[in-house]
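Each remark here refers to the structure printed beneath this line.
The values are calculated or read from the model by the stated rules, or taken from the named source; none is laboratory data. Quick caveat, the model's predicted, so the values are computed rather than measured. Quick reminder, even Gly has a Cβ in these numbers, built from the backbone with ideal geometry, and neighbours come from all protein chains shown.
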Amino acid sequence: MKTTMDTYYDRPEVSNSDLTALRDILHPRQQAGDREAAFRFGTLVDAIVTEPARVDYCRCTVDDVPYTDDEFRHAREMQRALRMEARRDPFLAKVLEAADTQRSMVNHGQMFTYCGWPFQLDTRCKWDWWLSAFGFGGDLKTTFASSQAEFDYAVDFFDWDRSRAWYMDIAGSDRDFIYAISKANCRVFKLFINRGDGTYGRGREKYEELAFQWWLLTPKSEEAWA
């Protein structure tokens, strides 16, 4: 495993987003809401919280992509909610103060096993937060959930458990976390994950099946089947 400063989305390794695209082909289901709009707004909140240099507050843009005044106002309200939560949550305060943001990692030749079949993939991930001193990181989410029960449902429905297990295994980390800010009421939800717990186990089961399907679809030499 190594860190990389290369342009992340231009890299050839398999990412969690690649697995999501494959899942949508293999296991199609009704889309919940406007995925493109959710991604667009999530990009705005991620940039404001973790990459403020990308944000032009005067022009209401992120990387020259324009947003409305209402979108910016809403995103800033969510940022303030996260900061308020940090006053009550010492761990979140430490994350906001000390974590590396948008840290890319690549793992060449990562080993997997699915139903007893071993295989390898080159993999990548990009952390919203990475705590170098402790060797683990976590993710920032925006969510329509307005209650704990709705957040717990979102973790499973949107495969956030899969993404966290994927990231943990690329980095070889034993802990992980999610902080999610509600777009409905600015409530902050949190989930802490440990290697071997239920969330990690469910996430790993999800990604192993998809990673195996990805490997099957990838051109390979005869030696790879040996």
(message) Can you tell me which of (1) surrounded by 13 or more Cβ atoms within 10 Å (Cβ to Cβ); (2) on the phi > 0 side of the Ramachandran plot is the one residue 63 doesn't meet?
(response) (1)
(message) Consider region 173-217. How many of its residues are under 16 Å from residue 151 (Cβ atoms), in contact with a strand residue (DSSP E or B) (Cβ under 7 Å, 6 or more places away or on another chain) and of a type in the set (S, T, N, Q)?
(response) 2
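Quick grid of which residues meet (1) over 18 Å from residue 158 (Cβ atoms); (2) part of a loop (DSSP other than H, G, I, E, B):
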position: 28; (1), (2): no, yes
position: 37; (1), (2): no, no
position: 47; (1), (2): yes, no
position: 70; (1), (2): yes, no
position: 92; (1), (2): yes, no
(request) Starting from region 14-39, keep only residues that are surrounded by fewer than 10 Cβ atoms within 10 Å (Cβ to Cβ), then list their pairs with residues that are assigned to a loop (DSSP other than H, G, I, E, B) whose Cβ atoms are within a distance under 8 Å, requiring at least 6 positions of separation or different chains. (result) 33/144
(message) Condition first: crowded, with 19+ Cβ neighbours inside 10 Å and either closer than 13 Å to residue 137 by Cβ or aromatic (Phe, Trp, Tyr) (or both). Now tell me which residues in region 77-100 satisfy that.
(response) 95, 99
(request) Identify all residues within region 69-95 that are among the acidic types (Asp, Glu) and touching a residue at least 24 places away in the same chain (Cβ under 8 Å); write none if there are none. (result) 71, 77, 85, 89
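Just checking, which of 70, 6, 18, 34 is at pLDDT below 95, out of contact with any strand residue (DSSP E or B) (no Cβ under 6 Å at 6 or more places or on another chain) and farther than 28 Å from residue 97 by Cβ?
None of the others qualify; the one that does is 34.
Can you find, within region 49-68, the residue that is farthest from residue 128 (Cα to Cα) among those that are in a helix (DSSP H, G or I) and touching a residue at least 12 places away in the same chain (Cβ under 8 Å)?
49
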(message) Quick check on my filter: what residues within region 188-212 are in contact with a helix residue (DSSP H, G or I) (Cβ under 6 Å, 6 or more places away or on another chain) and not charged (D, E, K, R)?
(response) 188, 189, 193, 199, 200, 203, 207, 210
(request) Can you run down the residue pairs with Cβ atoms below 6 Å, 6 or more apart or on separate chains, where the first is in region 96-114 and more than 16 Å from residue 126 (Cβ to Cβ) and the partner is at pLDDT 95 or above and not in a strand (DSSP E or B)? (result) 96/86; 112/211; 114/208; 114/212
(message) Taking the conditions exactly as written (touching a residue at least 12 places away in the same chain (Cβ under 8 Å), out of contact with any Phe, Trp or Tyr (no Cβ under 9 Å at 6 or more places or on another chain) and of a type in the set (Gly, Ala, Ser)), does residue 173 satisfy them or not?
(response) no
(request) Could you list all residues from region 108-131 that are within 15 Å of residue 18 (Cα to Cα) and of a type outside the set (Lys, Arg)? (result) 121, 122, 123, 125
(request) May I ask you to list the residues in region 143-155 that are in contact with a strand residue (DSSP E or B) (Cβ under 6 Å, 6 or more places away or on another chain) and surrounded by fewer than 21 Cβ atoms within 10 Å (Cβ to Cβ)? (result) 146, 154
(request) Could you tell me whether any residue of region 181-191 is buried (at least 22 other Cβ atoms within 10 Å of the Cβ) and farther than 28 Å from residue 119 by Cβ? (result) yes
